[in-house]
Protein chains: 2
Amino acid sequence: MATIKDIAKQAGVTPSTVSRVLNHAGGYNEATKIKVEKIAASLHYQKNEYASNLVGKKSNLIGVIITDSKSSFASPIIDSVEDSAYQNGIRILLAHCGQNDPQRLRFCLDLMAGQKVTGIISVAVQFDNDNLNYLNSMQIPLISLNVSVPDHGSIKIDDVQAAYDGTKFLIESGYQKTALVGVDSNDPQTGLQRITGYRNAMNDANIPVNNDYIVEGDFSFDAGFKAASKLLASSNPPRAIFAASDDAAAGVLSYAYDHNIKIPAELAVLGFDNSHVAQIVTPALTTINQPFAKMGQLAVQKIINKEFNEDSIVKYQILKRQSV
Amino acid sequence: MATIKDIAKQAGVTPSTVSRVLNHAGGYNEATKIKVEKIAASLHYQKNEYASNLVGKKSNLIGVIITDSKSSFASPIIDSVEDSAYQNGIRILLAHCGQNDPQRLRFCLDLMAGQKVTGIISVAVQFDNDNLNYLNSMQIPLISLNVSVPDHGSIKIDDVQAAYDGTKFLIESGYQKTALVGVDSNDPQTGLQRITGYRNAMNDANIPVNNDYIVEGDFSFDAGFKAASKLLASSNPPRAIFAASDDAAAGVLSYAYDHNIKIPAELAVLGFDNSHVAQIVTPALTTINQPFAKMGQLAVQKIINKEFNEDSIVKYQILKRQSV
DNA sequence: ATGTTTTACGCAAACGTTTGAGTAGTTGCG
DNA sequence: CGCAACTACTCAAACGTTTGCGTAAAACAT
């Protein structure tokens, strides 16, 4: 591979001059510039980023840590982060940390540290104490999406309020008997907050909360399916189901389809996320839109502008389609 | 940030020794090793990969270029590539190149070159001549998934045969009137090959091909929806639709749902990919399974083993669910 | 006791780039 | 004409590692 020295030799100048030309740093005359650029092109010169970053100490690298792509909202976020990064000449280092795998998360952090990333964007990653301390000790700024992480900036919707509004929306649409599925009360962030929002909305509407109507689970299709089978086979089935994700909502839809339950006539289904699947299932899901693209974009902006400490709450909307 | 020199100073040895200890290179005694490791830990030492790679000339970096994540099969591939990479201590540099954006693809290649990746995995990326030449001139090995790229290794299914088998499967299931949707005859790879497979199967079954039954489009939900509306509103609607992707199949399902067409009683739908959506739509899609996870894994293996020139054809299966 | 091998380091160069400081040669100004 | 200010460079150090070579000291063999 051609280096700056090869170019220098051919052009009859020193590497310094070549470097200045290639970086448009000024301090050379037009003829030299043209000559150097022509030789660089003919040699297929590619700057060695390792050398460059070593001396320059800036990496133009943003680390992105996601749990895994199955979570359905990872894709749009990665897309927008990548696009924003591209527009700013920044590169993306991607790593998966799995679901609750401190060891792998640690590996991810080491990776990012070794690459001297200017910042990390984590998507729905829960930090355990060890890794949080480790991160803090390394002084790498972090922007967390979807969940908040102590001492670091975050970008998320107001989960309590969103669950409140979703529940209220169902109630006002005539569904008093509304269940909440796919929430994990052990998850202090999303799960618990959405349960709180649901409870608050029921209380404010003076509807007693039936605890059987809160069905625990993760955000998966299966969780939705199982919850539906438990709820809808019971003696007192709900008239509406509020799922904690679109995938879970799709699970509900699937159960309903199998048992010939008409949506929304016999059962209303409200999703959460407005992920890709929300638009393509039948009937199309009424859901709570999370502005993933905007969140990814904002995360990159924050890292560029070094705004690491504020928490941003972004707006969601209830997106009406066919399922309620 | 602490460097190897800081450790050396504290430990009373030279950087060489520290380096050897940290790399488990041998040539030090146990006491020194323990001392160095303890100091390194206490200083939160992180190897500067830039310096390391600069001298070592190996990057442990694999570049991944995808068009965009919306293509629904990007996610499982990225997941498996990332997992395989993780198990081999390799990092992933991710870049999007958009759909037909030579300029951005060029940018991606520059990025990869600058980072001195050991290899590039491209997912469903079509190389124009300029970029192909550019890639070749840079001598970076490439493994292409889903499409084949001249002079470089690829991993894909046999699209002609898969479309043939899918069509044959529909015919043998009793559907003589089978349409093919979501294919682009301008796409010499996937599109054209699947059309060929479809035609071959029809011919072999002695069924005349009705050209109206081949509806052009991309792989999107909308393409499937539009194709369905064109086909099913016609005077001679097909009894089965073979979609070129699960997303397109979901579009067909959606149209059918809107017009109260029963699946599979009145219309059979066969998808393609077995992406995440295939399992969660209602009814669940019978589809052609592409082993994305295996493909990603294999791609990483090939790069590690430096097998850049073979084309691998991986196996698909027809996965029977509810839609046919 | 002498010679040989091994161990456990140190030394210094190298990787490719950037950048502050230095310097010929040219231009401008009064 | 003399001095300052530029221009267009060159020089050399620096970034943090790795690694081949060198070498004292220790261990072993004869």
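If A:G191 meets every condition in (1) in a loop (DSSP other than H, G, I, E, B); (2) open to solvent by less than 10 Å² (accessible area, probe 1.4 Å) apart from one, which number is that one?
Failing condition for A:G191: (1).
Looking only at residues that are within 12 Å of DNA strand C (Cβ to nearest atom) and closer than 23 Å to A:Y134 by Cα in segment B:12-32, which one is farthest from the chain's Cα centre (by Cα)?
Of the residues in segment B:12-32, the ones within 12 Å of DNA strand C (Cβ to nearest atom) are B:12-21, B:25-32.
So of that shortlist, the ones also closer than 23 Å to A:Y134 by Cα come out as B:18-19, B:21.
Values: B:V18: 41, B:S19: 38, B:V21: 39 Å.
Filtering segment B:12-32 for residues that are within 12 Å of DNA strand C (Cβ to nearest atom) and closer than 23 Å to A:Y134 by Cα, the one farthest from the chain's Cα centre (by Cα) comes out as B:V18.
What number of residues within segment B:200-214 are open to solvent by 40 Å² or more (accessible area, probe 1.4 Å), part of a helix (DSSP H, G or I) and closer than 17 Å to B:R239 by Cα?
Residues that pass the stated criteria total 2.
Take B:I62 and decide whether it is away from DNA strand C (no atom under 11 Å from the Cβ), in the same structural domain as B:D83 (by TED's automatic domain parsing) and touching a Lys or Arg at 6+ places or on another chain (Cβ under 8 Å). Steps first, please.
Numbers: away from DNA strand C (no atom under 11 Å from the Cβ): yes; in the same structural domain as B:D83 (by TED's automatic domain parsing): yes; touching a Lys or Arg at 6+ places or on another chain (Cβ under 8 Å): yes.
So B:I62 passes the test.
Which residue pairs have Cβ atoms closer than 6 Å, lie 6 or more positions apart in sequence or on different chains, and pair a first residue in segment B:262-288 that is on the phi > 0 side of the Ramachandran plot with a second residue that is modelled with pLDDT of 95 or more and not in a loop (DSSP other than H, G, I, E, B)?
Cβ pairs passing all conditions: B:D273/B:D246; B:N274/B:T287; B:N274/B:N289; B:N274/B:L319.
Enumerate the strands (runs of 3 or more DSSP E) found wholly within segment B:231-301, keeping only those where 1 or more residues are at pLDDT below 95 and open to solvent by 10 Å² or more (accessible area, probe 1.4 Å).
Values: elements: B:240-243, B:268-273, B:286-289.
Counting at least 1 such residues, we get no strands (runs of 3 or more DSSP E) at all.
Looking at B:L319, B:L285, B:L270, can you tell me which residue is within 14 Å of chain A (Cβ to nearest Cβ) and of a type in the set (A, V, I, L, M, F, W, C)? Show your work before the answer.
Working: B:L319 fails: within 14 Å of chain A (Cβ to nearest Cβ); B:L270 fails: within 14 Å of chain A (Cβ to nearest Cβ).
Every option except B:L285 fails the conditions.
Restricting to segment B:1-21, what's the tally of residues that are of a type in the set (D, E, K, R) and within 7 Å of DNA strand D (Cβ to nearest atom)?
Within segment B:1-21, the first condition is being of a type in the set (D, E, K, R), and the residues that meet it are B:5-6, B:9, B:20.
Imposing the further condition that a residue be within 7 Å of DNA strand D (Cβ to nearest atom) reduces the set to B:5, B:20.
Total meeting the criteria: 2.
Pairs please, first residue from segment A:27-49 and away from chain B (no Cβ under 14 Å) and among the polar types (S, T, N, Q), second anywhere and open to solvent by less than 80 Å² (accessible area, probe 1.4 Å) and within 14 Å of DNA strand C (Cβ to nearest atom), Cβ atoms under 9 Å, 6+ apart in sequence or on different chains.
Hits for this filter: A:T32/A:A11; A:T32/A:V13; A:T32/A:T17; A:T32/A:V21.
Could you list all residues from segment A:22-55 that are exposed (fewer than 13 other Cβ atoms within 10 Å of the Cβ), under 22 Å from B:Q115 (Cβ atoms) and within 12 Å of DNA strand D (Cβ to nearest atom)?
Across segment A:22-55, the qualifying residue is only A:V55.
Quick one: B:F308 ticks every box in (1) modelled with pLDDT of 95 or more; (2) in the same structural domain as B:I121 (by TED's automatic domain parsing) except a single one, so which number is it?
(1)
Pull up segment B:117-165, narrow it to residues that are among the polar types (S, T, N, Q) and assigned to a helix (DSSP H, G or I), then point me to the one that is least open to solvent (accessible area, probe 1.4 Å). Full working, then the answer.
The first filter runs over segment B:117-165 and keeps only residues among the polar types (S, T, N, Q), leaving B:118, B:122, B:126, B:129, B:131, B:133, B:136-137, B:139, B:144, B:146, B:148, B:154, B:161.
Filter again for assigned to a helix (DSSP H, G or I), leaving B:129, B:131, B:133, B:136-137, B:161.
Values: B:N129: 114, B:N131: 6, B:N133: 96, B:N136: 56, B:S137: 40, B:Q161: 78 Å².
Of everything passing the filter in segment B:117-165, B:N131 is least open to solvent (accessible area, probe 1.4 Å).
Condition first: in contact with an Asp or Glu (Cβ under 6 Å, 6 or more places away or on another chain) and of a type in the set (G, A, S). Now tell me which residues in segment B:252-287 satisfy that.
Correct list: B:G271, B:S275, B:A278.
Looking at B:G217, B:G197, B:G182, can you tell me which residue is without any contact (Cβ under 8 Å) to a residue 40 or more places away in the chain, within 30 Å of A:F73 (Cα to Cα) and crowded, with 20+ Cβ neighbours inside 10 Å? If you could, list the steps in order and put the result at the bottom.
Numbers: B:G197 fails: within 30 Å of A:F73 (Cα to Cα); B:G182 fails: without any contact (Cβ under 8 Å) to a residue 40 or more places away in the chain.
Just a single option satisfies the conditions, and that option is B:G217.
Residue by residue, here is whether (1) touching a residue at least 24 places away in the same chain (Cβ under 8 Å); (2) over 22 Å from A:D83 (Cα atoms); (3) more than 7 Å from every other protein chain (Cβ to nearest Cβ) holds:
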site	(1), (2), (3)
B:K58	yes, yes, yes
B:I62	yes, no, yes
B:D79	yes, no, no
B:L94	yes, no, no
B:Q99	yes, no, yes
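The values are calculated or read from the model by the stated rules, or taken from the named source; none is laboratory data. These numbers come from a predicted model, not from an experiment. Heads up, the Cβs are rebuilt from the backbone with ideal geometry, glycines too, and the neighbour counts pull from every protein chain shown. Heads up: the accessible areas ignore ligands, DNA and RNA and are worked out on the full protein's heavy atoms, side chains in. Shrake-Rupley method; radii C 1.70, N 1.55, O 1.52, S 1.80 Å.
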